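Take a look at the structure below.
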Amino acid sequence: MALLAITDLTKCFTRRDKPFDAVSHVNLMVDAGEFVAIVGRSGNGKSTLINMIAGLVRPTSGSVTIDGNVVADLSDRELSLLRNRTIGFVTQSQTLLSNLTVLDNVILPATMFPEDKAPEPEQLIARAENLLKQLGVAELMESYPRELSGGEMRRVSIARALMNSPKLLIADEPTGDLDQESTDIVMQLLREQADSGTAVLMVTHDPDALRYADNVYRMDAGVLTEQTGQ
Amino acid sequence: MLIDMNKLPFENLKRKPLRTTALLAVVVVLSLALFGGSILATNLNTGMASMERRLGADLMVVPQNTAQKAEALLTDGSPTTFYLTKDVADQISQADGVAQATQQTYISSLAAACCDEKLQIIGYDPATDFVIEPWVAEQFDGTLEDGQMLAGANVNVSADGTIELYGRDWPVVAQLASTGTNLDNSVFINQTTVPAMVEASAKVATQVMPEEYAGKAVSSVLINVAEGYTAETVATNIQNLDASFKDLGFVYPGGITATTRTSLNTLVAYLTLFIAVLWVMGAIVLIAVFSTSANERKREFASLRIMGATRGMLNTIILKESAVIGLTGGVLGVAVASLVIFPFSSLIGRQLQLPYLQAGPLLICGMIVLAVASAVVLSVVGSLLTMWRLGRPEAYLTLREGE
């Protein structure tokens, strides 16, 4: 069974009293360890699609199933737990918490739902430090987000998304603010995540990033089609 | 210590010092006004109730042109000396409609070692008294012997239990409970001690009254009227006793109480209105500030939602932040108000020129809890609108505006 199964997913909005499908009858399967990229122009429904996958936007019709859970059937707590434990989400814009240091930003998702067998604090700190090191921003651990550049913030966001070792990593333009060197670091890390069993779903404009993906899809006017020839 | 959702509200408050200080300042002012105003109103009411209990006579007959001084003596005026003679007082006591009568003599001392200001000396007759004895009985159940004194609450009694007055140490047998009136700055002696007091005054200063009057000076006759009579009727009966009685002064303690009560009620009403307006304005400011900051924080809440925070967790963050501000502001407001009100209690009483008596510790504790709780509730209410907005379905669509 696919880790992510999207069936006939549609989101209809109304603009000037005229309904239109931002996402139209999308079907997609992503298995564990598969790296899928979605390309397409801005305003063609890519962000709406991934927000529906994460349960942040409710679909008009169709269904999303993640790791056997039908997203629409989950309560707020179940859905939040799914987002926290199963999904890692790298947003297009900067969403680090400005009142926390880089290290605390990365650690917070791991302490959000306390467990009986929770890792020791030292283990969590070590994991966060390791992720930041892999992304080349370990020296910024004690800094606050306002002290970081756009690219540094993006890399910290990726570290945060990976903190709980998600089964599904959703990345919206993960290389948007990055230079070539940083892009390579980030994409290599995402590829490694996929190789180690994480399903990666990436939305991107960056043609250089596509070569890391196993499959590439194009989103056009809300319709998703598999792109051949990659 | 690792960051978690419990520590996050505190980090948010710590890292936004300007916003936190501004919110705190609003809550401090509101809590200060509520607690300060409540204490003030309660102390005035306690003072008033005490005064009503102490003025246990229907009519007070005093010499010509001294009615105002006598009224002041009962409320908060300066110590005073006035008198008529005992034979006149005895005649007054016999008037038609008098059920009970007792005589008192008032002497204003010079500034004494015991006190910041002049002392009011009140001579009363324990045998006939019905005004002072019931009050005195709470602290002293013996008989006030010649030369002994009872001291009002504000009078400083020496460690050896005496008061030095006119170069002589007078033994104090009891100190009376506070009344919030001028009686707290008075000492009480029996009528037969009055000549000794006059004699003592003659040795060290200007004699308080001519020596020949010392044994027969009476400042007021306090009367309880018989059933079926009014104080005014009895006053007319007294005036009709003798042509020279036409000019006597008549004070109606019930009237003084009513006038003072009216002044007090007006003051308390204004105070209540002021506090109510302040709280409404404060609530609006808090709602506005919380609401504005919630708009600014859409990105932050969206980020938390993406990380897996439930709506309940977001509400808890807002609730904790507002409760911490309410609690801290409430406690600070009460502390500041206490620093002003308690050390300067007697000064406030004098400035207000109304009976003012400090409420008991239990009542004060209750008001502290009420003021702090109100500050917390107001802060939380101020943030409810924000929580409601976050709790709406598809909140993320709104939250995403922050991106």
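The values are calculated or read from the model by the stated rules, or taken from the named source; none is laboratory data. Keep in mind that what you see is a predicted model, and the values were worked out from it rather than measured. Glycine gets a Cβ as well: all are built from the backbone with ideal geometry, and neighbour counts include every protein chain shown.
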Which members of region B:328-348 meet the condition of being surrounded by 16 or more Cβ atoms within 10 Å (Cβ to Cβ) and hydrophobic (A, V, I, L, M, F, W, C)?
B:331, B:332, B:334, B:336, B:337, B:341, B:348
Name the single residue, out of those in region A:20-44 being in a loop (DSSP other than H, G, I, E, B) and at pLDDT below 90, that is surrounded by the most Cβ atoms within 10 Å (Cβ to Cβ).
A:40
Residue A:149: within 7 Å of chain B (Cβ to nearest Cβ) and out of contact with any strand residue (DSSP E or B) (no Cβ under 6 Å at 6 or more places or on another chain), yes or no?
no
Checking residue B:282 against (1) under 30 Å from residue B:354 (Cβ atoms); (2) surrounded by fewer than 17 Cβ atoms within 10 Å (Cβ to Cβ), which single condition isn't satisfied?
(2)
Please specify each residue of region B:6-59 satisfying the condition of being within 14 Å of chain A (Cβ to nearest Cβ), out of contact with any Asp or Glu (no Cβ under 7 Å at 6 or more places or on another chain) and part of a helix (DSSP H, G or I).
B:8, B:10, B:11, B:14, B:15, B:17, B:18, B:19, B:20
Scope region A:171-194; condition farther than 22 Å from residue A:53 by Cα and out of contact with any helix residue (DSSP H, G or I) (no Cβ under 8 Å at 6 or more places or on another chain); matching residues:
A:181, A:184, A:188, A:192
Please list, ordered by first then second residue, the pairs with beta carbon atoms under 8 Å, 6 or more apart or interchain, first in region A:118-134 and over 15 Å from residue A:153 (Cα atoms), second charged (D, E, K, R) and part of a helix (DSSP H, G or I).
A:119/A:127
Of residues in region A:112-146 being buried (at least 21 other Cβ atoms within 10 Å of the Cβ) and within 14 Å of another protein chain (Cβ to nearest Cβ), the one farthest from residue A:66 (Cα to Cα)
A:128
Just the residues that are modelled with pLDDT under 90 and of a type in the set (Ser, Thr, Tyr), please, taken from region A:95-143.
A:95
Long-range neighbours under 9 Å by Cβ, at least six apart or interchain, first residue free of Cβ contacts under 8 Å to residues at least 24 places away in the same chain within region A:1-16, second in a strand (DSSP E or B) and hydrophobic (A, V, I, L, M, F, W, C)
A:13/A:20; A:13/A:22; A:14/A:20
Go through region B:136-161 and give me each residue that's crowded, with 16+ Cβ neighbours inside 10 Å and either under 17 Å from residue B:198 (Cα atoms) or in contact with a Pro (Cβ under 8 Å, 6 or more places away or on another chain) (or both).
B:144, B:148, B:149
Picking from B:87, B:96, the residue that is modelled with pLDDT of 85 or more, acidic (Asp, Glu) and in the same structural domain as residue B:240 (by TED's automatic domain parsing) would be B:96
Of the residues in region B:349-366, those that are of a type in the set (Gly, Ala, Ser) and buried (at least 20 other Cβ atoms within 10 Å of the Cβ) number 1
Just need a number here: residues in region B:289-310 that are in a helix (DSSP H, G or I) and within 14 Å of chain A (Cβ to nearest Cβ).
12
Which of the numbered conditions does residue B:345 fail, given that it passes all the others? Conditions: (1) more than 16 Å from the chain's Cα centre (by Cα); (2) over 23 Å from residue B:281 (Cβ atoms); (3) polar (S, T, N, Q).
(1)
Go through (1) crowded, with 18+ Cβ neighbours inside 10 Å; (2) closer than 30 Å to residue B:96 by Cβ; (3) at pLDDT below 85 and name the single condition residue B:182 misses.
(2)
Are any residues in region A:55-92 at the interface with chain B (Cβ under 8 Å from one of its Cβ atoms), in contact with a strand residue (DSSP E or B) (Cβ under 7 Å, 6 or more places away or on another chain) and among the polar types (S, T, N, Q), and if so, which ones?
A:91, A:92
